[in-house]
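Note sheet for the following structure.
The values are calculated or read from the model by the stated rules, or taken from the named source; none is laboratory data. Note that this is a predicted model, so its numbers are computed, not measured. Note: ideal-geometry Cβ built from the backbone for every residue, glycine included; neighbour counts use all protein chains shown.
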Amino acid sequence: MADNVVRVCAQSEVASETVKAFEVGDHRLAVFNIGGKFYITDDECTHASASLAEGMLEDGVIECCLHFGAFDVKTGAVKAPPASVALRTYQVVLKGDDIFVDLDKNAAGEPA
Ligand code: FES
């Protein structure tokens, strides 16, 4: 396993169609469960300072609770203003019952 792959939580901690925030080292990450598949992004909205885990998750899009900017959870792409900067995604690594994150790669597996 690569150096920067670290455990985030157990798969059972994030129920289907929900999102939960976890502290991993210096990072605060949002873990999403969409149809039984897991996705990880930064938890902080790129618009200002709000936790996306406190937002509304619907159809793979997370809507920020502060100004209602929205992001595609799988790609980090902006889906609604006032957010204008894409959300950082991370590569998810499943191992046994646990969810790990590769902090050096985005959701597409590219160096980030
Ligand atoms: S802080 Fe998220 S949209 Fe403004």
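With the condition kept exactly as written, say whether any residue in the stretch 37-45 is of a type in the set (Ser, Thr, Tyr) and farther than 21 Å from Gln11 by Cα. Show your work before the answer.
Residues of the stretch 37-45 that are of a type in the set (Ser, Thr, Tyr), as a first pass: 39, 41.
Retained after the next criterion (residues that are farther than 21 Å from Gln11 by Cα): none.
Scanning the stretch 37-45 turns up no residue that is of a type in the set (Ser, Thr, Tyr) and farther than 21 Å from Gln11 by Cα.
Within the stretch 66-112, how many residues are of a type in the set (D, E, K, R) and touching a helix residue (DSSP H, G or I) at 6+ places or on another chain (Cβ under 9 Å)? Break it down into steps so the answer makes sense when it comes.
Keep residues of the stretch 66-112 that are of a type in the set (D, E, K, R), which gives 72, 74, 79, 88, 95, 97-98, 102, 104-105, 110.
Filter once more, keeping what is touching a helix residue (DSSP H, G or I) at 6+ places or on another chain (Cβ under 9 Å): 97-98.
Going through the stretch 66-112 one residue at a time, the tally reaches 2.
Could you tell me whether any residue of the stretch 55-75 is at pLDDT 95 or above, of a type in the set (Gly, Ala, Ser) and in contact with a His (Cβ under 7 Å, 6 or more places away or on another chain)?
Looking through the stretch 55-75, at least one residue is at pLDDT 95 or above, of a type in the set (Gly, Ala, Ser) and in contact with a His (Cβ under 7 Å, 6 or more places away or on another chain).
Which ones in the stretch 33-72 are crowded, with 17+ Cβ neighbours inside 10 Å, away from the ligand (no atom under 16 Å from the Cβ) and not polar (S, T, N, Q)?
Within the stretch 33-72, Ile34, Phe38, Tyr39, Ile40, Gly60 qualify.
From Leu87, Leu57, which residue is of a type outside the set (Phe, Trp, Tyr), part of a strand (DSSP E or B) and under 16 Å from Cys45 (Cα atoms)? Working first, answer last.
Numbers: Leu87 fails: part of a strand (DSSP E or B).
Result of the check over Leu87, Leu57: Leu57.
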